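Reading through the structure tokens given below for one structure.
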Amino acid sequence: MAEKVLMKGNEALAEGAIRAGCRFFAGYPITPQNEVPEYMSWRQEEVGGAFVQAESEVAAINMIYGAASTGTRAMTSSSSPGVSLKQEGISYMAGADLPCLIVNVMRGGPGLGNIAGAQGDYIQATRGGGNGDYRLIVLAPNSVEELGNFPKTAFELAEKYRMPAMILADGILGQMMEGMSYNFDPIDPKTLPAKPWALGINDGSRGKNMISSYGLAEGELEKMILKRAERYALIERDEVRYEERFTEDADVIIVAYGISSRAGMAAVNALRSEGVKAGLFRPITLWPFPSKRLAELANGCKAMLCAEMSLGQMITDVKLATAGKIPVHLYAKPGAFFPVAEEIAVAVKSILSGKKDFLFNLADLAEKADNTCHKPENKICKEGTLL
């Protein structure tokens, strides 16, 4: 069994990428992901890789484009507004069918927002924040251990389907420390399968390779997009990942990803101890989204509750998956506030009792925020009510 060590999330992520064979990193400082480029700045030198602190996020993503074109396992990381600046380059890489790893350690937004952890970039990540028809494979860890082990999975999926992959974490996961172990041995990039499409020195054994994201001839771009869509369909069929706990007999299933799923699981444990049948469903791939399994679960429960550190973005996919079979409620913690297990438990009880309170009414959130849920001295005094 691999040794368990205490590591900070961002550093576990960076080391995981190195172990997965990443040999080029380009990035630009922004909180709360700064430990990633700092770690890469000395670790890449140790393994014979290259680190570049670019002059901007725009420069960084275009450096990744160049490195990925040669078949090198290349990675960049940033936090929310920084990833927004990278969107043009991400779209170009998707259009050029280039595998790479992009990491977003999310912070509060919109705009500059704040530097605390949030989950407000779900739609940007899963819908493609740049122009055109494209997707990213999006993995959402909920622990330091997953944060450290997911780079290997992300690189493998990116190369298998020739497309960018993203790890969507948040500032809490990036900054927290936990015991972790790597579930794979370090990979020597020289042992990886050859990439016949890549640029590089041509010894005459292959034809000319060209990396490009455009098709100017009539009908060419449509063919490229439709061919890419065929790969996306295979990913949706074969690469869906999720975790579920206590869903077999659950009356209410809490749907949450990333750090929010840990608060959701704590709520489930508390509710189960009181005899309330609650369960947890955690999407691990945000794209492809586990719609089929959620649709199946909707046949056996009374309602679902999405717990999100945003105004509600994943809830759209949950509603699409369940297709109106059951009510889908929202527990929202926008503005980089952490979900509270006790509040989630109150929300579940409120659903089962037919009550409605501010937990489901976004119009009331701002009015009540100053004198209710964000003050640590406030306690839940009765079902469905916070004082």
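Structure notes:
- Degrees separating the helix 144-161 axis from the principal Cα axis of the chain, which is the longest one: 50
- Rounded tilt (10° steps) of 220-238 against the dominant C-alpha axis of the chain: 50
- The antiparallel fraction among DSSP beta bridges confined to the chain stands at about 30%.
- Helix axis angle, 35-47 relative to the chain longest principal axis, alpha carbon, degrees: 30
- Each residue, Asn269 and Lys208, gets one label point 7 Å from its Cα in the Cβ direction; the gap between the two is 6.2 nm.
- Counting only DSSP beta bridges with both residues in region 224-286, the antiparallel share comes to about 50 percent.
- Surface analysis of the chain yields an accessible area of 44 Å² per residue, using protein heavy atoms and a 1.4 Å probe.
- Estimated FRET transfer efficiency (Met177, Glu218; beta-carbon r; R0 45 Å; 0.05): 0.20
- In the chain the Cα-Cα distances spread across 20 Å bins starting at 0 as 28, 55, 17, 1 percent of all pairs.
- Fraction of accessible area attributable to carbon and sulfur, region 314-356 (%, probe 1.4 Å): 60
- Straight-line cross-link reach from Lys325 at under 20 Å between alpha-carbon atoms covers these aspartates and glutamates, not counting any fewer than eight positions away in the same chain: Glu244, Glu248, Asp249, Asp251, Glu296, Asp317.
- Relative contact order for the chain: 16 percent, from Cα pairs under 8 Å spaced at least 6 residues apart, divided by residue count.
- Expressed as a whole percent, the accessible area of region 126-279 that falls on carbon and sulfur atoms is 51 (1.4 Å probe).
- Amide hydrogen neighbours beyond the local backbone of Val103, cut-off 5 Å, H modeled: Thr76, Ser77, Ser78, Ile167
The values are calculated or read from the model by the stated rules, or taken from the named source; none is laboratory data. Remember, it's a predicted structure, so these values are computed and weren't measured experimentally. When we count neighbours, we look across all protein chains shown, and the Cβ atoms used for this are built from the backbone with ideal geometry, even at glycine. What goes into the accessible areas is simple: the full protein's heavy atoms, side chains included, and nothing from ligands, DNA or RNA. Shrake-Rupley method; radii C 1.70, N 1.55, O 1.52, S 1.80 Å.
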